[in-house]
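Please treat every number below as a calculation from the coordinates, not as lab data. These numbers come from a predicted model, not from an experiment. Neighbour counts are summed over all protein chains in view; Cβ atoms, including those assigned to glycine, are modelled from backbone coordinates with ideal geometry.
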Amino acid sequence: MKVYTKNGDAGITSLVHTRNVSKSDDRIQFVGTTDELNSQIGLVKSQMPDGQTRAFLEEIQNTLMTIMAGVADPFNQKYKLKEESVSVLEQEIDRLEGLFNRTQGFVLPGENPLSAQIDIARTVARRAERALAAVSIKFGTDTGAKKYMNRLADYLYILARYTDDQAADNKMSVQSTPGSAEASQVSEALVQEVLKRMGMPGRITLEAAKRLIQKVEEEAARRGKKAVIAVCNPEGNPVAVHVMDDAFLVSFDVAVKKAYTSVAVKMSTMELSALAQPGQTFYGLDKMDGGKIVIFGGGVPLKVNDTIIGGLGISGGTAEEDHSLAEYALSVLHEIL
């Protein structure tokens, strides 16, 4: 089948239930502008280094296809957007805003190539939103679609500013560490050697992890608790996981995630819990990173001075009980190193 049909040569096309529609029709203008927006977002997606954001942008593309279908076939209920679609955008906007200090006032696009491309997508999103408003006046449109198009431009604005912020941080990092990755590896090796010569571990060993787990198990038993105790290295990879008799099956996965979270965010999961509530800095963080982040007590980073040598996760009781055991572990950490 040929890609061209010649049916539109006279400037006429068709919608699902309407034939002989002028290509100047507001509905056709909206569909065309949204198709342009979808392509712009695709270009941004192809350049985005963060896999999580790429997946989110792809979800947006699919939603835009649904909105276009809803304009072409307005009586089909499956093309009506649910409030959840708008809420997801709002949650992501809030999450990104919590990750950096946004500059107030007017912003001149073009700080870096990727953010500039996102800003282009944002302006096309605003044009598509205006086109949808024109459709709404003459033909009526889905309320959810109008809300979504409004939030989408806001999301792209915040994504562009976040991208600017990340690019600035990376630039400063490269400038302060000559030799880039190679220098970083050398510096890390140097730090580890210095710590070793000072008698301080750079990362927790399996033997140290086992000794710490034993102390935590003894204390848990004294308190009448059945827990799973997990220790990970500074990269978040498990070093040792111990399951006490009769501990909950689900506690295994939770303990490992608590240990991972504590080194990923460099704070206890109890502290993170307070910061992850609605309206706070890390709200929505637990929905990121493939579900590996947890926001209830029981995870703590293990430190020697200010150096994180690993993470500890405990699961088996309430968040407060698990956190209390984790604090006990920190109090005896010096004894096992």
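Numerical summary
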quantity	calculated
Difference of contour (0.36 nm per residue) and Cα-Cα distance, GLU83 to LYS292	72.6 nm
Amide H contacts of ALA240 (H built 1.01 Å from N, under 5 Å, at least 5 apart or other chain)	VAL231
Set of aspartates and glutamates near LYS78 by C-alpha distance (under 12 Å), chain-local residues within fewer than 8 positions excluded	ASP142
Point-to-point label distance, ASP306-ASP50, nm (Cα→Cβ direction, 7 Å offset)	2.6 nm
Chymotrypsin sites (Phe, Trp or Tyr not before Pro) restricted to the stretch 54-135 and DSSP loop, no more than 12 other C-beta within 10 Å	PHE75, PHE106
Estimated FRET transfer efficiency when R0 is 45 angstrom, pair LYS226-ASN62 (beta carbons, to 0.05)	0.50
Too-long pairs where the Cα-Cα distance tops 29 Å, listed order kept, from LYS266/LYS287; LYS225/LYS303; LYS147/LYS292; LYS210/LYS287; LYS226/LYS266	LYS147/LYS292; LYS210/LYS287
Most to least packed among 226-232, 134-140, 161-167 [average Cβ atoms within 10 Å]	226-232, 161-167, 134-140
Loop-located trypsin sites (Lys or Arg not before Pro) in the stretch 233-337 whose Cβ has at most 15 other Cβ within 10 Å (DSSP)	LYS266, LYS292
³J(HN,Hα) computed for each position of the stretch 42-50 - Karplus, 6.51 cos²θ - 1.76 cosθ + 1.60, integer Hz, glycine/proline x	x, 5, 4, 4, 5, 9, 6, x, 8
Projected label distance in nm at ASP35 and ASP245, using a 7 Å step from Cα toward the beta-carbon	7.0 nm
Cα centroid of the stretch 250-285 to Cα centroid of the stretch 41-95, whole Å	27 Å
Under-5 Å amide H pairs with VAL304, H placed in peptide plane, nonlocal only	ILE309
Scattering curve values for the stretch 206-336, log₁₀ I(q)/I(0), Debye with Cα scatterers, q = 0.14, 0.17, 0.20, 0.23 Å⁻¹	-0.52, -0.77, -1.06, -1.38
